[in-house]
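Scroll down for the structure; my scribbles are underneath it.
The values are calculated or read from the model by the stated rules, or taken from the named source; none is laboratory data. For clarity, every value in this text was computed on a predicted model and none was experimentally measured. Glycine also receives a Cβ, built like all others from the backbone with ideal geometry; neighbour counts cover every protein chain displayed.
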């Protein structure tokens, strides 16, 4: 597929627009020049027609006969071609006519227009028609009444030549201006697009070892590039964070998988080192099964987290039914009741009205189970975990609160990270893998909700989940 260039497109657009503008301006200038020259030519024709009419007078020998003084006719407008004229009286009789007037020439003016154009022997002529002109030679004994009809025609070659000359001058001037403006436009476009090229150069330097965009000062100061620079900086920050999380996830996953695999391998190797009694084999196999179960649980959690993050990225399933949030909370509490009894922790469920939502019941039950289980583990013996449900502005709110030791502000910033354990002193058997809250956050976001934690050291922790209700 051929490559395209924005710079070339912009330059081509500017040059074409300038060319069209130059052609339009030249056309308008030529048109108005032609109009002005023709109006001047028509005025000259009218003046000569009036001069011809002034040469008509009454004869002194025979009254009231009109005669024409042809020896006073002004010279033609052009040297190579003669002017034509004709003078007739009010009754249509011919008074005077130019010697070169063709016998078959009968120019006819257009309707409501005193001028006419015609061709004579390959030469273009323009004529003016003046009607009912009074005879300027007044005799005191002759009552006024005679009027004259005058036709005067002259060749238009000089006017056409002047229009062509003016058009050529205007065209040359327009082309010179076009060339100057095109050069200036190309220079300005290239200079204006330079910050974009510099930004592209900065972007090309991005790698896994360098996540800084480092745009130039020109790119930062260009108003149109500011949103793009900000968007690219935000995107790179997110990609850097995701890349670090992915790399950390792989390292933590390898570390977490390494321990049960190593224990399982050690157990099996110890069974094979020497012959053992049946009970020893049974005990070793039971230990291996426990390690396999733990490994299976870890793999299941990792797969669940990956699937939840895929849904949160936009791959939400569409074949979902409307369920009641309170029922999923009750199921999660029932499942964790033995753990709560073992630690002598009470769980209270308070709900205010119905909270229908389109979701997978198993997903929501897993979210509440993770939150309630964390609350139970952090609540001291004899304490209480409260689960409250209520609706607010079209969202279902689920709050899980304990009265444990709480967490610091720095600890709250990391509780939703994968493989993060809030208490590093706890053993794996009681502390889990640090995936529960990460899975809960991914599932809540997959359904368009939000989850956040509020905690005060010494006063407990409250997890707040908001999910859009079905309307």
Report task. Those residues that are surrounded by 12 or more Cβ atoms within 10 Å (Cβ to Cβ) and either over 21 Å from residue 55 (Cβ atoms) or out of contact with any helix residue (DSSP H, G or I) (no Cβ under 7 Å at 6 or more places or on another chain) (or both), I need them from segment 84-99; list them, please. Result -> 84, 86, 88, 89, 90, 95, 97, 98
Report task. Look at segment 439-452 and say how many of its residues are touching a strand residue (DSSP E or B) at 6+ places or on another chain (Cβ under 6 Å) and farther than 12 Å from residue 398 by Cα. Result -> 3
Requested in this report: Might you check whether a residue that is part of a helix (DSSP H, G or I) and at pLDDT below 80 occurs anywhere in segment 201-210?
Outcome: no
Requested in this report: Would you check if there is a residue in segment 415-432 being at pLDDT 65 or above and assigned to a helix (DSSP H, G or I)?
Outcome: no
Report task. Would you check if residue 68 is free of Cβ contacts under 8 Å to residues at least 40 places away in the same chain, crowded, with 16+ Cβ neighbours inside 10 Å and touching a strand residue (DSSP E or B) at 6+ places or on another chain (Cβ under 8 Å)? Result -> yes
Report summary line: How many residues of segment 335-379 are assigned to a loop (DSSP other than H, G, I, E, B) and either out of contact with any strand residue (DSSP E or B) (no Cβ under 9 Å at 6 or more places or on another chain) or buried (at least 18 other Cβ atoms within 10 Å of the Cβ) (or both)? The answer is 6
Requested in this report: Output the number of residues of segment 193-239 satisfying the condition of being in contact (Cβ under 8 Å) with a residue 24 or more places away in the chain and either within 23 Å of residue 11 (Cβ to Cβ) or in contact with a strand residue (DSSP E or B) (Cβ under 7 Å, 6 or more places away or on another chain) (or both).
Outcome: 10
Query raised in the report: What number of residues within segment 449-471 satisfy the criterion of being at pLDDT below 85, within 48 Å of the chain's Cα centre (by Cα) and not in a strand (DSSP E or B)?
Result: 2
Query - Selection from segment 300-326 of residues that are modelled with pLDDT of 75 or more and surrounded by 14 or more Cβ atoms within 10 Å (Cβ to Cβ) - result: 320, 323, 324, 325, 326
Report summary line: Restricted to segment 111-140 and to residues being assigned to a loop (DSSP other than H, G, I, E, B) and loosely packed, with under 10 Cβ neighbours inside 10 Å, the residue modelled with the lowest pLDDT is 140
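Let's see how each residue does on (1) at pLDDT below 80; (2) assigned by TED's automatic domain parsing to the domain that holds residue 10; (3) surrounded by fewer than 11 Cβ atoms within 10 Å (Cβ to Cβ):
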residue: 179; (1), (2), (3): no, no, no
residue: 185; (1), (2), (3): no, no, no
residue: 195; (1), (2), (3): no, no, no
residue: 216; (1), (2), (3): yes, no, no
residue: 220; (1), (2), (3): yes, no, no
residue: 230; (1), (2), (3): no, no, no
residue: 236; (1), (2), (3): no, no, no
residue: 243; (1), (2), (3): yes, no, no
residue: 254; (1), (2), (3): yes, no, yes
